[in-house]
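The structure under discussion appears below in the form of structure tokens.
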Amino acid sequence: MPEVRKLRIGIVGLGIGMRHASSFAQVPLVEIVAMADPAPNRLGTTVEEFCAHYGAKPYADGYEMMEKERLDAVAICSNPKLHLPLVQAAARKGLHILMEKPMAGTVEDCEGIIEACRRAGVQLHMEFPMRQLAPMVELKRVLDAGTLGRPFMVNCDYVSGLRTPNHWIWVMGDGSSPVNENTCHGIDSVRYILGDVDRIYAEADNFIGQGPNEVADAAAFTMHHKGGGISTLVGGACATGEMDTPIRMSVFCTEGQATVDGLHHTFSRLKWARRGGETWEHDWGDAPSLRSMMGQPYARYPLLEPSLKNFVENLLSGKPAAATADDGRENVQICLAVLESARTHQPVDIRQPVLR
Ligand SMILES: NC(=O)c1ccc[n+]([C@@H]2O[C@H](COP(=O)([O-])OP(=O)(O)OC[C@H]3O[C@@H](n4cnc5c(N)ncnc54)[C@H](O)[C@@H]3O)[C@@H](O)[C@H]2O)c1
């Protein structure tokens, strides 16, 4: 019997990257060859000890790891400002890429990332895990089957917890605000249902005073989708931890309605109903919060497992990414348009690319 080909993977950055390791470890078709982090202050152990647990080689620097190891693919889990140079280094080595959201802190960096991958002929899969969770997969199946008619309006509540004032999330060009760093999950989920966006109107401000005054910690906005649908979202980093950060998305359709929701930033329930007819609901069970996993570097994080498994399977079978580089770029463009609209009190037309 020929030996089954395994994907040789490296991980750059061991913040959320530590949960990539526990997720990839569930996929038989993966070998975690090496992992890198110069200052893993959330890991709770050393890079050496962490790597030994997975039989991987430790590095202090992701660039050196990509240079020295024979890899097929790399998961980039650094802060967003480093995504472009890390992609350029990975592309030079011909490595396929799993890119943590957001793709970057600027649209210009997104363009650079797309160009580096195009030139090197490597694939980039965006890590937008929400669209690959079981309730979303089922919701999409029901909508595509036409059971509820045509979806035309979505309402999404996607607010994260507070962030420390010195975090890179507040630095424009890096995290580029909690909207870009976190509400992007809600935006991606809405785009998954209603498609690309052409117009945005937003109100946003810094209400709690966590980061700099000029960077919003809360945003409420509407989007008009190219296919004619409309959506409304609330986001930012202003939730109360004791509420376990519930998230929710309701989809209104010509012949019915559906809602996905859940705790700890993970959709775990789906309910739908046909107007005057059948109703259906299922609860896949609440996911653990990242906060509850602190001090447990090897704990599994169910939010990431379906999307990392899909990344490996899609790459090995030549199937397209579940969330593409274009999705990554459009989501960053929307987030920056939200901030611009809030600043100017004008709607922003994003049909024309806005380079920053
Ligand atoms: N999908 C999700 O649910 C999810 C959750 C959290 C974070 N994220 C995203 O993942 C990315 C990282 O977020 P985080 O919270 O883990 O940030 P973090 O700052 O906690 O961790 C990033 C790590 O990258 C390391 N790093 C920096 N330069 C490096 C290099 N040259 N080589 C190797 N490592 C290097 C840093 O030392 C740091 O430990 C961000 O884009 C973030 O938005 C996604």
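The values are calculated or read from the model by the stated rules, or taken from the named source; none is laboratory data. What you see is a predicted model, and the numbers here were worked out from it, not measured in a lab. Methodologically, a virtual Cβ is constructed for each residue, glycine included, from the backbone with ideal geometry; neighbour enumeration extends over all protein chains shown. Remember, those area values only see protein heavy atoms, side chains included, never the ligands or the DNA or RNA. Shrake-Rupley method; radii C 1.70, N 1.55, O 1.52, S 1.80 Å.
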The stretch 7-129: D in µm²/s via Stokes-Einstein (Kirkwood Rh, Cα pairs, 4 °C, 1.567 mPa s)?
92 µm²/s
Determine Rg/Rh for the stretch 216-257; Rg is computed over alpha-carbon atoms and Rh is the Kirkwood hydrodynamic estimate from the same atoms.
1.08
If you average the C-alpha positions of the stretch 164-212 and of the stretch 294-355 separately, how far apart do those two centres end up, in angstrom?
12 Å
Normalised contact order of the chain, rounded percent, pairs of Cα under 8 Å and 6 or more residues apart
19 percent
Most to least accessible of Lys226, Lys140 (protein chains only, probe 1.4 Å):
Lys226, Lys140
Using mean Cβ contacts within 10 Å as the protection proxy, how do 324-332, 270-278, 123-131 order, highest first?
123-131, 324-332, 270-278
Based on DSSP, what percent of beta bridges with both residues in the chain are antiparallel, to the nearest 5?
60 percent
For the stretch 7-129, give the magnitude of the charge dipole about the Cα centre (Cβ charges: +1 Lys/Arg, -1 Asp/Glu; no others), in debye to the nearest 20.
180 debye
Provide the net charge surrounding Gly229, with neighbours chosen by a C-beta distance below 14 Å and charges set as Lys +1, Arg +1, Asp -1, Glu -1.
+2
Checking the table Lys68/Lys319; Lys140/Lys226; Lys6/Lys57; Lys93/Lys319; Lys271/Lys319; Lys6/Lys68 against a 26 Å threshold on Cα-Cα, which pairs fail?
Lys68/Lys319; Lys271/Lys319
With viscosity set to 0.692 mPa s and temperature to 37 °C, compute the Stokes-Einstein D of the chain, Rh being the Kirkwood radius across alpha carbon pairs; µm²/s, no decimals.
158 µm²/s
What do you get for the angle between helix 134-144 and the principal long axis of the chain? Use alpha-carbon atoms, 0 to 90 degrees, nearest ten.
50 degrees
What is the calculated FRET efficiency for Thr279 to Asp244, with r their C-beta to C-beta distance and R₀ = 30 Å, to the nearest 0.05?
0.70
Once fully extended, how much extra length lies between Leu162 and Asp144, figured as 0.36 nm per residue of separation less the alpha-carbon to alpha-carbon distance?
2.8 nm
For the stretch 51-189, which whole-number percentage of the solvent-accessible area (1.4 Å probe, protein heavy atoms only) is attributable to carbon and sulfur atoms?
51 percent
What does the charge add up to near Gly161, with Lys and Arg as +1, Asp and Glu as -1, over the other residues with Cβ less than 13 Å from its Cβ?
-2
Stokes-Einstein diffusion coefficient of the stretch 130-207, Kirkwood radius over Cα pairs, 37 °C, 0.692 mPa s, in µm²/s:
224 µm²/s
Give me the accessible area per residue for the chain, probe 1.4 Å, as a whole number in Å².
43 Å²
Counting only other residues whose beta carbon sits under 13 Å from that of Pro347, what net charge do I get with K and R as +1, D and E as -1?
-1
So for the pair Thr46, Lys226, with labels modelled 7 Å out along Cα→Cβ, what separation do we get in nm?
5.2 nm
Using θ = phi - 60° and the Karplus form 6.51 cos²θ - 1.76 cosθ + 1.60, what ³J(HN,Hα) does each residue of the stretch 333-340 get, whole Hz, x for Gly and Pro?
4, 5, 4, 5, 5, 4, 5, 5
Calculate one ³J(HN,Hα) per residue across the stretch 323-328 by plugging θ = phi - 60° into the Karplus curve 6.51 cos²θ - 1.76 cosθ + 1.60, and present them in order as whole Hz with x for glycine and proline.
10, 8, 4, 5, 4, x
